[in-house]
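Following: one structure in C-alpha cells, then a few remarks.
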Amino acid sequence: MKVLVLGSGAGGGFPQWNCNCALCGGLRRGTVNGRARTQSSIAVSSDGRDWVLLNASPDIAQQIRSHPALQACSAPDGPRRHTPIRAIVLMDAQIDHVTGLLSLREGPPLQLYATPCVFEDLTTGLPLLPVLQHYCGVQWHLLPVAGQQRQASFRVEGFASLRFTAVAIPGKAPPYSPHRHDPTVGDNIALHVEDLATGQRLFYAPGLGEVGDSELAWMREADCLMVDGTFWTEDEMLAAGLGTKRAAEMGHLPQSGSAHGDEGMIAALDRTDARRKVLIHINNSNPILDEHSAQRRELARHGIEVAYDGMEIEL
C-alpha cells in the first residue's frame, strides 16, 4: 500500500493567508524553520496507478498539480482527459475536508463514500452535492460505521486488495450542521485500511477528539498511524490571540493533554507499537511547525513524525 500526503495542514494551511502570528509571520520572513503546508488530505493506492482520495481539501487542484501520480498521463492514443483518482472517502463534512469536491467537477461522476449524516450535511447545510449533480454528478456509496461491531468493512471498486473500515470516533460536526451540539454516530470517522496482499494496515484520523479504549484498540492494530496533530496545548488559540475556542471545543485532542488532565496524543501514541506514528492536520498555531522547536524534539524522543506535503509512505 502506498500513502501520499497531499496536504498536512489544518484549515487555512500554513502560513494562513490572513495570519501574522509568530509562526506564520516567521515562515514568511524566514525566521521559522518550517515548511509551507496546504490543507490536509491523503491518497492511498495498492499499485501506484489508481488512487483513493481521503478527504478533498480546498487546495486539491494545487495538490494534484504538485503530485504527478495524481495527474492525467494518457497514452498517445488514449483519452485526452482522465484521472487516476477513482474514489473519494470523506472523514467528516468539515469545510476544509470537502470543498475540494467542487474542483473535481470537470471529471467523471464522483464515486463518493460517506456516512448518512455527512451526506445529509452536504445536501442541506452545505449543499455541495446538489450543485455537483449539475456538473459531473455524484454516485454516493453508504459507509457502514464500526461501533461496537467490528464487521463494518467495505470495498472500493477497483481496489480489490484494499479493505476499508470506517470507525466512528469522538469529534464535532461542522458549525453549520444541525447536530453540531448533538453528536451523531458517523459525524466523524477514522479509516482503517488493510492491504490484503501484504497484511499492512493504516489508521487515518485527522480529526480526533479523544482516544478511549475503542480508539486505542483500532490504533494498536495498525502498522502506520496518521492521527490528529492540530494543537499542542488545549488553550493554544487563546494563548496566541488567534481565537476564543479551546481544542476540545473544536473536536481535537492536543498533543500535551486536555485541560482536565487527560492524556494527550503523545501519551496515546506511546501506548501503541505502530512502526510509523505520524501527526497530520497541523494548525498554524502549533509550535511543532518549527522544526527546531523544543516541541519537535519532544516528538522525536517519542518516535513521532510530523507529516509534510509530499510525504510518501509505503507499507
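List of remarks:
- For the stretch 209-222, the criterion of being under 16 Å from ALA114 (Cα atoms), crowded, with 22+ Cβ neighbours inside 10 Å and of a type outside the set (Ser, Thr, Tyr) is satisfied by no residue at all.
- Qualifying residue in the stretch 91-106 (condition: touching an Asp or Glu at 6+ places or on another chain (Cβ under 8 Å), over 27 Å from GLY310 (Cβ atoms), in a helix (DSSP H, G or I) and in contact (Cβ under 8 Å) with a residue 40 or more places away in the chain): no
- Of all residues in the stretch 294-315, those that are without any contact (Cβ under 8 Å) to a residue 12 or more places away in the chain have Cβ atoms under 9 Å from Cβ atoms of residues that are crowded, with 17+ Cβ neighbours inside 10 Å, 6 or more apart or on another chain, in ALA294/PRO287; ARG296/PRO287; ARG296/ILE288; ARG296/LEU289; ARG296/ASP290; ARG296/VAL306.
- Scope the stretch 1-33; condition more than 24 Å from HIS252 (Cα to Cα) and surrounded by 18 or more Cβ atoms within 10 Å (Cβ to Cβ); matching residues: MET1, LEU27, VAL32
- Between MET219, MET237, the distinction of being of a type in the set (A, V, I, L, M), under 25 Å from SER57 (Cβ atoms), in contact with a Gly (Cβ under 9 Å, 6 or more places away or on another chain) and in a helix (DSSP H, G or I) belongs to MET237 only.
- Matching entry among ALA22, ALA43, ALA72, ALA56 (being among the small types (Gly, Ala, Ser) and touching a Gly at 6+ places or on another chain (Cβ under 8 Å)): ALA56
We did not get these values from a lab; they are worked out from the coordinates using the rules stated. As the structure is a prediction and not an experimental result, all values here were calculated from the model. Positions of Cβ are generated from backbone atoms using ideal geometry, with glycine treated the same way; all protein chains shown enter the neighbour counts.
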